[in-house]
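Student: Got a structure for you, written out below as structure tokens; questions coming shortly.
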Amino acid sequence: MTDHWSDTQIEAAEARGRDALANEPRALAARYDRKAARIIVDLASGATFAFPPGLGQGLEAATPDQLAEVEIAGAGFGLHWEALDVDLSVPALMAGSFGTKAWMRELARRAGSVTSPAKAAAARANGAKGGRPKKVG
């Protein structure tokens with residue numbers, strides 16, 4: 001079955017496209033900064049946006065060489081990593097969404113359970129003393 005678009009539908013789609021080009025964040029350039037360990041995105045607005053690759057769904061286990069292969073896609077509305085088969089939306093990234101809803105829930109869960117060697121050592125020391133000290137006052 002072939003879909004036939006009316007002139008009105010085509011005009012409305014073109015208007016939405018013009019609106020997106022004028023108002024949505026779009027990338028002009030993107031690169032991986034190895035020293036800062038960040039994906040850097042230069043926007044059409046003149047602003048620059050950066051994020052750690054571990055936040056981006058599909059980028060968490062990528063090597064620096066793989067991350068450096070970032071390409072601009074879809075008139076600047078997307079970032080693409082061919083070797084990783086990863087695509088991220090620039091407007092979504094700017095809104096703080098680094099993947100699917102399930103991915104974002106997992107990021108939130110991991111953020112709530114951050115541990116470090118220092119925290120682990122402090123917990124062991126407190127446990128050896130009988131736990132947290134009681135509040136005074």
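Student: When Kirkwood radius over Cα pairs in Å is calculated directly from the model, which label among (i) 18.4; (ii) 19.4; (iii) 16.7 fits?
Tutor: (i)
Student: Per-residue HN-Hα couplings for segment 56-73, Karplus 6.51 cos²θ - 1.76 cosθ + 1.60 at θ = phi - 60°, whole Hz, x for Gly and Pro?
Tutor: x, 4, x, 9, 4, 10, 6, 7, x, 5, 5, 5, 5, 8, 5, 10, 8, 10
Student: Near I72, within a Cβ-to-Cβ distance under 15 Å, what is the net charge of the other residues, with Lys and Arg +1 and Asp and Glu -1?
Tutor: -4
Student: Let me ask something else about it. Compute, for segment 4-82, the length of the dipole vector about the Cα centre, with Cβ point charges of +1 (Lys, Arg) and -1 (Asp, Glu) only. Units Debye, rounded to 20.
Tutor: Result for segment 4-82 is approximately 360 debye, rounded to the nearest 20.
Student: Projected onto the charge dipole of the chain (+1 at Lys/Arg Cβ, -1 at Asp/Glu Cβ, origin at the Cα centre), which of G76, L107, S45 gives the Cα projection farthest towards the positive end?
Tutor: So the residue we want is L107.
Student: Per DSSP H run of n ≥ 4, the term is -39500 (n - 2.57); total these for the chain, divide by its residue number, and report the mean residue ellipticity at 222 nm rounded to 500 deg cm²/dmol.
Tutor: -10500 deg cm²/dmol
Student: Report in % the part of the accessible area of the chain that belongs to carbon and sulfur, leaving out ligands and nucleic acids; probe 1.4 Å.
Tutor: 55 percent
Student: If you don't mind, another one. If you plug each phi of segment 39-52 into the Karplus form 6.51 cos²θ - 1.76 cosθ + 1.60 with θ = phi - 60°, what whole-Hz ³J(HN,Hα) values come out, in order, with x for Gly and Pro?
Tutor: Working through the residues one at a time gives 7, 10, 10, 8, 9, 4, 6, x, 7, 10, 10, 9, 8, x Hz.
Student: Also: Mean-square fluctuation check for the chain, GNM, Cα pairs under 10 Å: which of A29, A62, A122 is largest?
Tutor: Result: A122 has the largest fluctuation of those listed.
The values are calculated or read from the model by the stated rules, or taken from the named source; none is laboratory data. Quick caveat: nothing in here was measured; it's all calculated off a predicted structure. We place every Cβ from the backbone using ideal geometry, glycine too, and count neighbours over all the protein chains shown. Accessible surface areas use protein heavy atoms only, side chains included; no ligands, DNA or RNA. Shrake-Rupley method; radii C 1.70, N 1.55, O 1.52, S 1.80 Å.
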